[in-house]
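Here is the structure we will look at, set down as structure tokens.
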Amino acid sequence: MSDDSAAALPPASAAAIAKARVIFGGPRHLELVGAGARGQAWPVPFSVDPVLALKGQPVVVLASGDPFWFGAGGSLSAHLTPSDYVVLPSPSTFSLVACALGWRLEEVTCHGLHAAPFARLRGVLAPFGRMICLVRDGDAPAALAAWLNAQGAGDAQMHICERMGGAQQRVRQTTAGNFDLTDIAAPVAVAVALPADVGLSRASGLPDGTFHHDGQITKRPVRALTLSALAPRPGEHLWDLGAGSGSISVEWCLAGGRASAVELKPTRAANIARNIEDFGLSHLMHVKEGASLDVIQHLPDPDAVFIGGGGNAALFEALFARLRKGTRIVANGVTLETEVLLTQMQAAKGGNLLRIELATADPLGRMRGWKPARPVVQWSVIL
């Protein structure tokens, strides 16, 4: 239902409410329909267990707009079959906001940020992009403005959309850099029109300075080649073994995948955790501290594996025994010993060997010369 009275509901929705023994919803929804003694507010922290406990009884769950777009519908349906429930949706908040602003919804990214960090938006910031964000409460728009400022998007146009779809609907405009709105009423959504020159490149190989690291990082050109060999696809799971800064995992997740980063050294594992937080990837990526050979025993099966550090014969043997057919493996090495091992692996298992030799221009007296980096040998194979 939208932010309106029960009188505005379609007949089927009104009939379901009239027949319900118990009505679940937020306090605002329960008040709007006059639930009275039949009303039961959602528990804090949120849980669908009270609803599921009444399975078989006539129960109504009130939700804003479309309950399957960042709503309670998906949380409930995971425990039910379609024959257990009927859905009577109304226009989503995203639709109401887009209609109010005249935005094409297919050109907008939509986000539910009630409990998610604003950093979740980092991967979708783009020049002149548009976003509609459902936020937690009346204080959240100002916090979102501060976050946008920190991302260099102070010129972003922000439309603060309050209580959409009802008689008290209000839309006000400001910018992230000059945010000064007060008395913001929930439920609230924020529509953002981004300025030019914001966002991350979508090409593989972000600048090294984008990440927290101690120098142990797959450098930008090698990272681009490595990600190309790993060939990320949405929804796939990566094991990043000897992850260093976790930069490979981060870029894999920005491409739509999920990742388990494994790192032996605590300080580097801490850097990986900071990168996960800064890029808003806690729902897609996690870090495990420990030796790869031990940690992989407890990880779900991957679609691809990157070995950036600590590769040895014992680890490869364990991987070959564990990984399913079709898993992609990419391993990089800079030492002579690792080069010998990767050469042996390629001879035994097939795949491709690539030697990466790079040099950068560097001062040489009053002129410049080429400063070579350590060569990297890369083995890639599909099991």
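The values are calculated or read from the model by the stated rules, or taken from the named source; none is laboratory data. A quick note: this is a predicted structure, and the numbers were derived from the prediction, not measured. We place every Cβ from the backbone using ideal geometry, glycine too, and count neighbours over all the protein chains shown.
Values for this structure:
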{"item": "Test: G256 is in a loop (DSSP other than H, G, I, E, B) and either of a type in the set (V, I, T) or surrounded by 22 or more Cβ atoms within 10 Å (Cβ to Cβ) (or both)", "result": "no"}
{"item": "Single unsatisfied condition, A100 versus (1) in contact (Cβ under 8 Å) with a residue 60 or more places away in the chain; (2) loosely packed, with under 11 Cβ neighbours inside 10 Å; (3) assigned by TED's automatic domain parsing to the domain that holds A185", "result": "(2)"}
{"item": "Single unsatisfied condition, R328 versus (1) among the basic types (K, R); (2) more than 16 Å from P221 (Cβ to Cβ); (3) surrounded by fewer than 17 Cβ atoms within 10 Å (Cβ to Cβ)", "result": "(3)"}
{"item": "Residue selected from the stretch 262-284 under the condition hydrophobic (A, V, I, L, M, F, W, C) and closer than 18 Å to G205 by Cα, by the criterion nearest to the chain's Cα centre (by Cα)", "result": "L281"}
{"item": "Checklist (1) more than 23 Å from D4 (Cα to Cα); (2) touching a residue at least 24 places away in the same chain (Cβ under 8 Å) applied to P82, failing item", "result": "(2)"}
{"item": "Which numbered condition T182 misses (of (1) farther than 24 Å from N352 by Cα; (2) surrounded by 22 or more Cβ atoms within 10 Å (Cβ to Cβ); (3) β-branched (V, I, T))", "result": "(2)"}
{"item": "Residue satisfying all of: in the stretch 18-34; in a loop (DSSP other than H, G, I, E, B) and either at pLDDT 95 or above or of a type in the set (D, E, K, R) (or both); nearest to S2 (Cα to Cα) among these", "result": "A20"}
{"item": "Residue in the stretch 41-50 that is in the same structural domain as P127 (by TED's automatic domain parsing), assigned to a helix (DSSP H, G or I) and either hydroxyl-bearing (S, T, Y) or surrounded by fewer than 20 Cβ atoms within 10 Å (Cβ to Cβ) (or both) present", "result": "no"}
{"item": "Close pairs (6 angstrom Cβ cut-off, 6 or more residues apart or separate chains): assigned by TED's automatic domain parsing to the domain that holds K55 in the stretch 20-38, in a helix (DSSP H, G or I) and not basic (K, R) anywhere", "result": "F24/V51; V33/A6; V33/I17"}
{"item": "Any hit, the stretch 201-214, residues being under 30 Å from R374 (Cβ atoms), more than 23 Å from the chain's Cα centre (by Cα) and either assigned by TED's automatic domain parsing to the domain that holds F279 or not in a loop (DSSP other than H, G, I, E, B) (or both)", "result": "yes"}
{"item": "Options A359, A347; residue that is in contact with a Lys or Arg (Cβ under 7 Å, 6 or more places away or on another chain) and of a type in the set (G, A, S)", "result": "A359"}
{"item": "So R233, is it outside any helix (DSSP H, G or I), within 23 Å of V381 (Cβ to Cβ) and not assigned by TED's automatic domain parsing to the domain that holds W69", "result": "yes"}
{"item": "Residue ranges of strands (runs of 3 or more DSSP E) in the stretch 300-383 with at least 3 members under 25 Å from R233 (Cβ atoms)", "result": "304-307, 328-333, 352-356, 376-382"}
{"item": "Given (1) exposed (fewer than 14 other Cβ atoms within 10 Å of the Cβ); (2) in contact (Cβ under 8 Å) with a residue 12 or more places away in the chain; (3) among the hydrophobic types (A, V, I, L, M, F, W, C), number of the condition A321 does not satisfy", "result": "(2)"}
{"item": "Wholly enclosed strands (runs of 3 or more DSSP E) of the stretch 109-196 bearing at least 1 residues among the basic types (K, R)", "result": "130-135, 170-175"}
